[in-house]
Structures are given as structure tokens and as C-alpha cells.
1. Mind listing just one residue for me: the one in the stretch 49-87 that is basic (K, R) and over 21 Å from A21 (Cα atoms) and, of those, surrounded by the fewest Cβ atoms within 10 Å (Cβ to Cβ)?
2. I need the full set of residues from the stretch 34-48 which are surrounded by 13 or more Cβ atoms within 10 Å (Cβ to Cβ) and in contact with a Leu (Cβ under 9 Å, 6 or more places away or on another chain), in order please.
3. Given the criteria without any contact (Cβ under 8 Å) to a residue 40 or more places away in the chain, within 19 Å of L80 (Cβ to Cβ) and among the polar types (S, T, N, Q), does Q9 qualify?
4. Could you look through the stretch 12-33, keep only residues that are surrounded by fewer than 12 Cβ atoms within 10 Å (Cβ to Cβ) and in a helix (DSSP H, G or I), and pick out the one that is modelled with the lowest pLDDT?
5. If I ask for residues that are closer than 21 Å to D81 by Cβ, touching a helix residue (DSSP H, G or I) at 6+ places or on another chain (Cβ under 9 Å) and part of a strand (DSSP E or B), which ones from the stretch 40-68 would you list?
6. Condition first: of a type in the set (S, T, N, Q) and within 15 Å of the chain's Cα centre (by Cα). Can you find one or more residues in the stretch 53-76 that meet it?
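The values are calculated or read from the model by the stated rules, or taken from the named source; none is laboratory data. From a predicted model like this one, the values you see are computed outputs, not experimental measurements. When we count neighbours, we look across all protein chains shown, and the Cβ atoms used for this are built from the backbone with ideal geometry, even at glycine.
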Amino acid sequence: MGIARALAQQPTIILADEPGASLNPSTSEKVLSQLKQICAKDGITVVVSLHQLEYAKRFADRIIGLANARVVFDVAPQHLDDKPLALIYQ
């Protein structure tokens, strides 16, 4: 419901903190997929905080990793592997 309210306001940017956290995996995928499609079509930038790396790899255009309040990597999803992940999950 929060995503629908945000989209109704015609924003230029959306900040979404774990948008699928309380949903089952199938519904989370649908929400993330629709959010990506709608925002791409309408030219809306979306910044999403995710802890599910597989969702980040599937739905993100860019993945930024933070550790100790610093950016430790900024990569395209296809370049996300164990090396940059070790910087935040050591």
C-alpha cells in the first residue's frame, strides 16, 4: 500500500526500505518487478534497501554495499561476487 501511495504522488525518486520484507517470496518478486517496470516507464529513480542478495541481483541496475557507514562497493549486478560481498559480510 505504501508503494501505491508513493506512486500516486508522482515522485521523481522513491526510497524503499525492504519493500518485500513482510511478503511471501512470490509476492515480493511481483512487487519488485512491478516497481521496477513502473519506475522505468515513468522515469522515477528508486533506491531500495535489500538484504536478499538474489533480489538485488535480479532487480537492480546497480548494487551499492555499505559497511561502517561507508560505500565499500558500487557494481553492476552481474559483477557482484564473493569478493565485494566479503567487504560487508566478513
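1. My answer is R70.
2. Within the stretch 34-48, L35, I38, C39, I44, V46, V48 qualify.
3. no
4. Checked the stretch 12-33; the qualifying residue modelled with the lowest pLDDT is P25.
5. V48, I63, G65, L66, A67
6. So far as the stretch 53-76 goes, no, none of its residues is of a type in the set (S, T, N, Q) and within 15 Å of the chain's Cα centre (by Cα).
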